[in-house]
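J.: I have a structure here, written as structure tokens, and I will follow up with some questions on it.
Read-outs: derived from the displayed coordinates by stated rules, not from any lab. Because the structure is a prediction, the values reported are computed rather than measured. For neighbour counting, all protein chains shown are included, and Cβ atoms are generated from backbone atoms with ideal geometry for every residue, glycine included.
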Amino acid sequence: MTAAVSLKGEVWRALGTVLDPELDQPVTELEFVAEVRVDGADVDVDLRLPTYFCAPNFAFLMVADAHDAVSELDATARVRVRLLDHFAAEEINAGVAAGDGFDAAFPGLATGELAELRTTFLRKAHLAYQEQLAQQLLRDGVAPEELVARRLAEVPAGAALERLRRRRDQLGLPSGPDALLLIDERGDAVDVEELPVRLRFARTTRVSIEGNAGWCRGLLGTRYGRSAG
């Protein structure tokens, strides 16, 4: 295996950690990565989005996260991440390349950096994974009174549990085996009386995320002439 091929694989793996902030799925799975080129220790990554008018703050966040993820690789010397076919691509690409934040790239548009936006969508993803795991336990016969007292160590292992733990780590919420499955955004326990309303809201959030992901794949396939999925 050549060094270039090895580095290219590392770049793709790094890009697999970059999430669409709203869909909570890797940009690689969503097929937002158009191309990766490696020349020695120099790396170029081209990103594309489903529509020309995707929100610039979402787009900036993905480009900046992709740049940071690839730049952390020891084998890279120069990293350039470009957004293609987007109405604000020039501003986004220049801002990320210069290391400027969203405020600097779009003066007068932003009311703050992107940390708040990221936190909002991490909370939505956390809520969705809680609902997914809770519904699984309810189908298995766990009573609501037991569910609100269930610890993560007592939850079946799987992708949803791992994603839940990662989102909690990012949000600074308890994620160890003794942590409760159902907590609010502050980390407090959920009362059994509020459980039905909370699960209905969480299900709406999960369905919205999943529906938007499918919609984006369809748009991307239509735009670039590739099958979605």
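J.: Let me have the relative contact order for the chain, percent, based on Cα pairs under 8 Å that are six or more residues apart.
T.: Relative contact order, the chain: 18 percent.
J.: Picking from 81, 148, 18, which is most flexible by a Gaussian network model of the chain using Cα springs under 10 Å?
T.: In the Gaussian network model the winner is 148.
J.: I need the per residue convex hull volume for the chain, using only the alpha carbons, in cubic angstrom as a whole number. Could you put the intermediate results ahead of the total?
T.: Working: hull volume 34.4 nm³, N = 229.
Convex hull volume per residue, Cα atoms: 150 Å³.
J.: Additional query: Using a 10 Å cut-off around each Cβ, can you sort 8, 124 from fewest to most neighbouring Cβ atoms? Kindly include the intermediate steps, with their values, before the conclusion.
T.: Working: 8 15, 124 19.
By the 10 Å Cβ count, ascending: 8, 124.
J.: Further, regarding this structure: From the C-alpha gyration tensor of region 116-210, pull out the three semi-axes of the equivalent ellipsoid (sqrt of 5λ each), sorted largest to smallest, in whole Å.
T.: Working: eigenvalues 69, 45, 33 Å².
They are 19, 15, 13 Å, listed largest first.
J.: On a 0 to 90° scale, report how tilted helix 56-71 is relative to the longest principal axis of the chain, with both axes built from alpha carbons and the result rounded to the nearest 10.
T.: Once rounded, one gets 80 degrees.
J.: Right, next: Amide H to amide H under 5 Å from residue 20: which residues, 5+ apart in sequence or cross-chain, H placed 1.01 Å off N in plane?
T.: HN-HN under 5 Å from residue 20: 25, 27.
J.: Of 60, 53, how do they rank once you tally other Cβ atoms within 10 Å and put the fewest first? Mind dumping the intermediate values first?
T.: Values: 60 25, 53 11.
Fewest-to-most Cβ neighbours within 10 Å comes out as 53, 60.
J.: Through the Karplus equation 6.51 cos²θ - 1.76 cosθ + 1.60, θ set to phi - 60°, convert the phi angles of region 6-20 into ³J(HN,Hα) values in whole Hz; use x for Gly and Pro.
T.: These are the phi-based 3J(HN,Hα) values: 4, 5, 4, x, 5, 5, 4, 5, 5, 5, x, 8, 8, 10, 5 Hz.
J.: Quick query: amide H of residue 79 versus all other amide H atoms, modeled in the peptide plane; which residues come in under 5 Å with a sequence gap of 5 or more or a different chain?
T.: For residue 79, whose amide H was placed from the backbone, the distant partners under 5 Å are 43.
J.: Let me ask you something else. Among residues other than residue 127 whose Cβ falls under 11 Å from its Cβ, what is the net charge (Lys/Arg +1, Asp/Glu -1)? Walk me through the numbers before you get to the answer.
T.: Values: positive: 123, 124, 167, 198, 203, 206; negative: 24, 131, 184, 185.
Charge balance near residue 127 sits at +2.
J.: What is the Cα centroid distance between region 25-39 and region 153-229, reported in whole angstrom?
T.: 23
J.: Can you pull the Rg over Rh of region 3-111, Cα-only, Kirkwood? Each step should come with its number before you reach the end.
T.: Working: Rg = 13.3 Å, Rh = 13.9 Å.
Rg divided by Rh gives 0.96.
J.: Next question, about the same structure. Rounded to the nearest 500 deg cm²/dmol, what is the calculated helix-only ellipticity per residue at 222 nm for the chain, with -39500 (n - 2.57) per DSSP H run of length n ≥ 4? Please list the in-between numbers first.
T.: Numbers: 8 runs with 115 residues, N = 229.
Per the formula, -16500 deg cm²/dmol.
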